[in-house]
1. If I ask for residues that are in contact with a strand residue (DSSP E or B) (Cβ under 6 Å, 6 or more places away or on another chain) and either open to solvent by less than 30 Å² (accessible area, probe 1.4 Å) or within 18 Å of Ala151 (Cβ to Cβ) (or both), which ones from region 71-85 would you list?
2. Looking only at region 180-205, count every residue that is loosely packed, with under 15 Cβ neighbours inside 10 Å and over 26 Å from Ser138 (Cα atoms) and tell me the total.
3. Can you spot a residue in region 166-179 that is under 30 Å from Val126 (Cβ atoms) and part of a helix (DSSP H, G or I)?
4. Count, please, the residues in region 242-267 that happen to be loosely packed, with under 15 Cβ neighbours inside 10 Å and not β-branched (Val, Ile, Thr).
5. Which residue, of Pro224, Pro166, Pro172, is open to solvent by 40 Å² or more (accessible area, probe 1.4 Å) and either out of contact with any Asp or Glu (no Cβ under 6 Å at 6 or more places or on another chain) or touching a residue at least 24 places away in the same chain (Cβ under 8 Å) (or both)?
6. For region 100-112, name all the residues that are open to solvent by less than 20 Å² (accessible area, probe 1.4 Å) and in a loop (DSSP other than H, G, I, E, B).
7. Inside region 41-67, can you point out the residues that are within 30 Å of Thr181 (Cβ to Cβ), open to solvent by 60 Å² or more (accessible area, probe 1.4 Å) and in contact (Cβ under 8 Å) with a residue 40 or more places away in the chain?
8. Restricting the search to region 227-241, which residues are open to solvent by less than 40 Å² (accessible area, probe 1.4 Å) and either part of a strand (DSSP E or B) or touching a residue at least 60 places away in the same chain (Cβ under 8 Å) (or both)?
Amino acid sequence: MTPDAPDPADTPDPADTPEPPDTPDFFGPGVAGLYDDPDDPMFSPAVVDPAVDVLARLAGGRGALELAIGTGRIAIPLAQRGVPVEGIDLSAAMLAQLRAKPGGDSIPTQVGDMTTVRLGRTVGVVYLVFNTIGNVTSQEGQVAVFETAAAHLAAEGCFVVEVGVPDLQRLPPGERYRPFTVGAEHLGIDEYDVVSQALTSHHYARQGGDGLILRSIPFRYVWPAELDLMARIAGLRLRHRWEDWDGRPFTASSTRHVSVWEKSLVV
């Protein structure tokens, strides 16, 4: 060995170094640092506690995996219930926020793409909340998310998705834009493309004085029946569909749903 050659013991094993995700990360430090808003109803116990109740029950003592774990809004209280939780997220900045919270540093996490990641172990429940399935902007990618979930589920384990129902009934014919938040500090407008099922959420927010900052995030909206077909492709079958985490019935007027698919025992 020449004097300038590195010692193999000091060279990282490529298998230990995750490949950088191909999917764009729209949740960098600027977003992650402001993500936890105590005034946002999504962070209130009235919203978080019912979700944690459902997930703890479905885990059945076999652990949980959160896809797109973010800053731990659900994972930390779930772990506090005694459920072993681990998570992946595309954003290292979001994971840094999670680890900075009390109890967050005890949750195993890694940067990864939920369309491709494989951890080599199974759990009782895999879950993906708060419309995050829509952050995967192709049908092929969304199917891959279901395949990722199925690969990590023990027998009769469940995959849970919380997502909004596409708002097209409220979109006048020929229109593409629909406001979802109108206020002095924040204006939010959804832009629809009904041909490709593309949806871009445009956020205009004040940034000191009278200046505005624009942040646009692409999504792919997806219908409940389409999700059921994706689940079947991955070997999962629908067990429950509710309007919310409290188990209210899903109806034609529901604006969102919580769906639970079970891993089929039939190969």
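1. First pass over region 71-85, keeping only residues in contact with a strand residue (DSSP E or B) (Cβ under 6 Å, 6 or more places away or on another chain): 75, 78-79, 83, 85.
If the condition is that a residue be in contact with a strand residue (DSSP E or B) (Cβ under 6 Å, 6 or more places away or on another chain) and either open to solvent by less than 30 Å² (accessible area, probe 1.4 Å) or within 18 Å of Ala151 (Cβ to Cβ) (or both), then Ala75, Leu78, Val83, Val85 are the ones that fit.
2. 5
3. The initial filter retains those residues of region 166-179 that are under 30 Å from Val126 (Cβ atoms), namely 166-168.
This time we only want the ones that are part of a helix (DSSP H, G or I), so: 168.
Within region 166-179 (the criterion being under 30 Å from Val126 (Cβ atoms) and part of a helix (DSSP H, G or I)), the answer is yes, since at least one residue qualifies.
4. 8
5. Details: Pro224 fails: open to solvent by 40 Å² or more (accessible area, probe 1.4 Å); Pro166 fails: open to solvent by 40 Å² or more (accessible area, probe 1.4 Å).
That would be Pro172, the only listed residue that is open to solvent by 40 Å² or more (accessible area, probe 1.4 Å) and either out of contact with any Asp or Glu (no Cβ under 6 Å at 6 or more places or on another chain) or touching a residue at least 24 places away in the same chain (Cβ under 8 Å) (or both).
6. First, the residues of region 100-112 that are open to solvent by less than 20 Å² (accessible area, probe 1.4 Å): 104, 107, 112.
Within region 100-112, Ile107, Gly112 meet the criteria.
7. Filtering region 41-67 down to residues within 30 Å of Thr181 (Cβ to Cβ) leaves 41-55, 66-67.
Within this subset, residues satisfying the condition of being open to solvent by 60 Å² or more (accessible area, probe 1.4 Å) are 41, 45-46, 49, 53.
Matches in region 41-67: Asp53 only.
8. Let us first name the residues in region 227-241 that are open to solvent by less than 40 Å² (accessible area, probe 1.4 Å), namely 227-228, 230-231, 234-236.
Leu227, Met230, Ala231, Ala234, Gly235, Leu236, listed by residue number.
The values are calculated or read from the model by the stated rules, or taken from the named source; none is laboratory data. Fair warning: this is a prediction, and the values are worked out from it, not measured in the lab. Here Cβ is always computed from backbone atoms with ideal geometry, including for glycine, and neighbour counts include all displayed protein chains. Please note that ligands, DNA and RNA were not included when accessible areas were found on the heavy atoms of the full protein model with its side chains. Shrake-Rupley method; radii C 1.70, N 1.55, O 1.52, S 1.80 Å.
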